[in-house]
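Taking it in order: structure first as structure tokens, then the write-up.
The values are calculated or read from the model by the stated rules, or taken from the named source; none is laboratory data. Everything quoted here is computed from the prediction, not taken from an experiment. A quick note on method: Cβ atoms are made from the backbone with ideal geometry, for glycine too, and the neighbour counts reach across all protein chains shown.
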């Protein structure tokens, strides 16, 4: 019996040692764009957390929005002999040369949350969200929520011409295309900001019979939704009841609004791009499994039923 | 005894050797041809621009326009070769003519209108950046066979490091700059103007031609730097190289050139570039420090060099006074 115990203990210990040895062997360089938005700060925090949980030694380099700093950082990572490189590229062009050097040194590169204009053999995989799908999830939620009732939707678009604005609009329209009862009656840009969201919502309310003809609001990001909620309240209506509110991003403030019953749903643009990236890298390092060239992150839907206060508590310390 | 002229230069050399030794002690990987190659390649555009800045500062002036000129060059080449279909070599020649004329104009305004260089080149900075935005606001990729050739042109050093084409261009510009500064009449005139414009004029130095030449040279080298930068990123982007002029000034001052003009060496600027590159490399190797430490350390270095320079001036003046008093 004792022998068995020792054996089991030894086996467990050996197992533990191999896993820690595997993880501790990995040094990963992460070239981040900067910390220009709350979402990006949260991405940095989560990447560091993920690395720590997995026992990965993370070398972090903040490029202060400059491509030349990112190229320098990647070259230094190569010189240092890291096992893998994560890159959140600030622009799409100009990466071929430095990525060829990484390839020559046999260091896999994983792109985070943005893609680049380069041959796809220069990187292992890209982890990004699908903007069209995000809009689709939001539209699907609304369609399920209203059922067969007539519903006039007002839309707050993102910055004109930006890819999130174009794709999130497209996805939403696709989702409601089969539902003749749901119609977008007004659509304008709120520039992704709180103040513009509020202003534009005020004009929507005035134009639509004081808001009585509006059934739902779809905002391309949470910040505009938060501004619009303020406008709805000032107009004497109840956001979340008189006018349904659905938006995208899942920043902490929208969870507070959901907890108060003022917002109904949000689709998460997860800042945890590093988790799937590390998963792919660990598999690749273990037995050479090539991941697909594109790893789509989950666009999770949160509603009032998902204990918004708890999510808020989890998210508020991520640096948003 | 070594003249006080050389002291700032020797200080920088000592700092570089000491800092590099400390880096290697902590990260043995830093003593590799890869890191050395990277120092040259990654700082090529900054180094080339800093050579021009050295001449400007030696003459007692300043040129704030170079970062914008670099961005303009990239966008001009990208749009020129792409949209307008100009052959690459012609586009490069055309660009160098444009930016040299731009620099000469700034030099002429500084001299003939007796305007401070700060104001004229500040205007130049806004103008060049504005022109870049006018051509294109997006990041435009450059797909020319010439660029592929130049990018794949490198010597492989033992240990996997690369001495790239743009690294070699920087070394060539530094050697050219040293010859120009220390072995030609133009170089002597620059030092004379930086020492004292009035006495230079009395000695018969052609101040107008030299001033125009200095700013034309600075813009020409910013043009070369812009071409190198476009090879480095194979793209032109109007928001690129923001604040490079300030990094160049920092490199020149850390390299021992005195901001009031008249004293310094092109070789010192090379050391200044290496010191700045080394700090950045160390911070990436460490991987936990905020990248803003680069700026903090460079700021501290600048402070100490300004204090050192001031102290030297004060010390030589006192010695001269003491000698004069002894004579009397």
Check B:28, B:87 and return the single one that is within 14 Å of another protein chain (Cβ to nearest Cβ), more than 23 Å from residue B:190 (Cα to Cα) and without any contact (Cβ under 8 Å) to a residue 40 or more places away in the chain. B:28
Scanning for something modelled with pLDDT of 95 or more and either part of a loop (DSSP other than H, G, I, E, B) or within 18 Å of the chain's Cα centre (by Cα) (or both), does segment A:116-123 turn up at least one residue? yes
Tell me, please, whether a residue that is at pLDDT 90 or above, within 14 Å of chain A (Cβ to nearest Cβ) and not in a helix (DSSP H, G or I) can be found in segment B:243-255. yes
Provide a single number: the residues in segment B:65-92 that are within 20 Å of residue B:245 (Cβ to Cβ) and surrounded by fewer than 24 Cβ atoms within 10 Å (Cβ to Cβ). 0
Right, residue B:240: within 23 Å of residue B:221 (Cβ to Cβ) and within 14 Å of another protein chain (Cβ to nearest Cβ) or not? yes
Please give the number of the condition residue B:184 fails out of (1) at pLDDT 95 or above; (2) surrounded by 13 or more Cβ atoms within 10 Å (Cβ to Cβ). (2)
Which of the numbered conditions does residue A:88 fail, given that it passes all the others? Conditions: (1) surrounded by 21 or more Cβ atoms within 10 Å (Cβ to Cβ); (2) within 12 Å of chain B (Cβ to nearest Cβ); (3) within 23 Å of residue B:277 (Cα to Cα); (4) within 16 Å of the chain's Cα centre (by Cα). (2)
Criterion violated by residue A:136 - all others in (1) surrounded by fewer than 23 Cβ atoms within 10 Å (Cβ to Cβ); (2) touching a strand residue (DSSP E or B) at 6+ places or on another chain (Cβ under 7 Å); (3) not assigned by TED's automatic domain parsing to the domain that holds residue A:275 satisfied: (2)
Per the list (1) surrounded by fewer than 16 Cβ atoms within 10 Å (Cβ to Cβ); (2) without any contact (Cβ under 8 Å) to a residue 12 or more places away in the chain; (3) in contact with a helix residue (DSSP H, G or I) (Cβ under 9 Å, 6 or more places away or on another chain), residue check on residue B:287 breaks on (1)
Every residue in segment B:291-328 that is part of a loop (DSSP other than H, G, I, E, B) and loosely packed, with under 13 Cβ neighbours inside 10 Å, please. B:328
Members of segment A:293-320 that are assigned to a loop (DSSP other than H, G, I, E, B), in contact with a strand residue (DSSP E or B) (Cβ under 8 Å, 6 or more places away or on another chain) and surrounded by fewer than 19 Cβ atoms within 10 Å (Cβ to Cβ): A:293, A:298, A:300
Filter result for residue A:130 (modelled with pLDDT under 95, more than 20 Å from the chain's Cα centre (by Cα) and more than 14 Å from chain B (Cβ to nearest Cβ)): no
In segment B:116-145, residue farthest from residue B:243 (Cα to Cα) [restricted to those that are touching a helix residue (DSSP H, G or I) at 6+ places or on another chain (Cβ under 6 Å) and part of a loop (DSSP other than H, G, I, E, B)]: B:144
Options B:166, B:175, B:193; residue that is within 24 Å of residue B:268 (Cα to Cα), within 12 Å of chain A (Cβ to nearest Cβ) and either touching a residue at least 60 places away in the same chain (Cβ under 8 Å) or in a helix (DSSP H, G or I) (or both): B:166
